[in-house]
Amino acid sequence: MGILQETPEEYYDRNTFGQYQFVSLSDIINQFLIVYVGEEKIISKTNRTDVAFHAQRALAELSFDTLKSVKSEEITLPPSLNMVLPQDYVNYTKVSFIDSSGIKRRLYPTLNNTSNPRAYYQNSDGDFKIEPVATLTDGSNVVVLDDDYSGLLVHGMRVTGLNIPSGSHIHNITTTAGITSITLENKDGTADKAATATTNQQIKISRFNFLGPGRRIAYQTLVETTATAITDDLTNPTVVNVASVENIKEGMFINHPAFVNNNDVDDGNSAIQVIGVGTSTVELSHPVHVNHSVAINDTIGFVTNNTDSKTWDNYKSHKPSENQQHDYDYDDHIFEANVGRRYGLEPSHAQDNGSFYLDEIRGLINFSSNLSGETIVLDYISDSLGKDSEMQVHKFAEDAMYKSIMHAILSTKSNTPEYVIRRYRDEKFAAVRQAKLRLSNLKIEELTQILRGKSKQIKH
């Protein structure tokens, strides 16, 4: 019986062109169970779950270095010079920008020449604390600081000092006439932490109990708005109604006494973040604290989670000489600007397209400054397991799938003779090698065209 079950009219009416070259993973599993499993066969019996598992593993492994990579993503690079990695990203094959002629211009990684390391706040002596001079009043939990610290302090920070009770945290921040005052309470906000003497002394405000240790105060931005209502539900994320959601983004941390962002662990996991922004609402990752509330007309601050390092700031603000783009002559493939100045040039810098590096921790690709506003194309590979529609195999690699599943099942069965395992291991390697050759898609005419431009004349 023929494989094609649709007419040409049906094919062209559908929007799934070119699918005949692929076989779905479910078909491979079904066909394997029919042909390779049963009495008087190498695999007498196995269950579908095992076959499905090994089929998915085989597909993932083949996707990395055998199957064609057809996934790509195009963006216009914003001024931030960041591109978010795709949801199913595993590794890139090529990063390019599109020039005015629609030609892909290859971008090259900076290798290990730069990065975006974790940036800590440090004062002048290198400590990770803010150390203002404070005015304390015996029996009062209000501490008056010596300057305006409104841009540096956030609710939940830990405060320590000679006459400061242990376990003191900031629960209120006010700034009047350039002088900041803070109110100290315990972590949960259930008890005041009053000073034990009246004195002017230096105190320490720790960074480690707010947002985790990897945040740099100077680079945080505070966005403030007014609360109009709040939905208080301790079993679901809290939804706060605000007067304006302008400049409020997902990932920001809330700054209000009812949401004390204090962490017992220095990883930021318990800090309250914005997980959704509506037209007039903000959804938070944690509910409002049981001992506090948000009143109408309360000012609520939202703090950016900016972890950029000085290394990255310097890189994106600088335009190196090798990234000064010039026009390309498509007639003779010569960069005019490079003529006469290539001797002694570092090969990795012998291009003027631009550069990038992967920030694996943050899931970003960072680009050089000359690429701002350019159209960036990311060609990448996945494991082909992201969606059911993607779980398909090119017919050139179908036999490699069967051999891979066969070897995996036999190698995990007890009492399987070693020579049998070795046999199917060799068959698997041979099938994968054959699939690579087929998928390489080498064409004699294209190779000939390339070779004709070399020193020796190729007759054809």
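Have a look at Lys187, Lys193 and point out the one that is modelled with pLDDT under 90, charged (D, E, K, R) and outside the structural domain of Ile296 (by TED's automatic domain parsing).
Values: Lys193 fails: modelled with pLDDT under 90.
Checking each option against the conditions leaves just Lys187.
Among the residues of segment 1-23, which ones are in a helix (DSSP H, G or I) and over 19 Å from Ser384 (Cα atoms)? Let's see the steps before the verdict.
Initial filter on segment 1-23 (in a helix (DSSP H, G or I)): 8-13, 19-21.
Selection gives Pro8, Glu9, Glu10, Tyr11, Tyr12, Asp13.
State yes or no: is Ile230 buried (at least 17 other Cβ atoms within 10 Å of the Cβ), part of a strand (DSSP E or B), at pLDDT 70 or above and more than 29 Å from the chain's Cα centre (by Cα)? Write out each step before concluding.
Numbers: buried (at least 17 other Cβ atoms within 10 Å of the Cβ): yes; part of a strand (DSSP E or B): yes; at pLDDT 70 or above: no; more than 29 Å from the chain's Cα centre (by Cα): yes.
Considered against the rule, which asks whether it is buried (at least 17 other Cβ atoms within 10 Å of the Cβ), part of a strand (DSSP E or B), at pLDDT 70 or above and more than 29 Å from the chain's Cα centre (by Cα), Ile230 comes out as no.
Of the residues Ser63, Ser80, Ser26, Ser72, which is in a strand (DSSP E or B) and either in contact with a helix residue (DSSP H, G or I) (Cβ under 8 Å, 6 or more places away or on another chain) or among the small types (Gly, Ala, Ser) (or both)? Walk me through how you get there before you give the answer.
On the way: Ser63 fails: in a strand (DSSP E or B); Ser80 fails: in a strand (DSSP E or B); Ser26 fails: in a strand (DSSP E or B).
Only one candidate passes the filter, namely Ser72.
Pick out the one residue from Ser166, Ser115 that is modelled with pLDDT of 85 or more and not hydrophobic (A, V, I, L, M, F, W, C).
Working: Ser115 fails: modelled with pLDDT of 85 or more.
Of Ser166, Ser115, the one residue that is modelled with pLDDT of 85 or more and not hydrophobic (A, V, I, L, M, F, W, C) is Ser166.
The values are calculated or read from the model by the stated rules, or taken from the named source; none is laboratory data. Small disclaimer: the values here were computed from a predicted structure and weren't measured. FYI the Cβ positions are ideal-geometry reconstructions off the backbone, even for glycines, and counts take in every protein chain you see.
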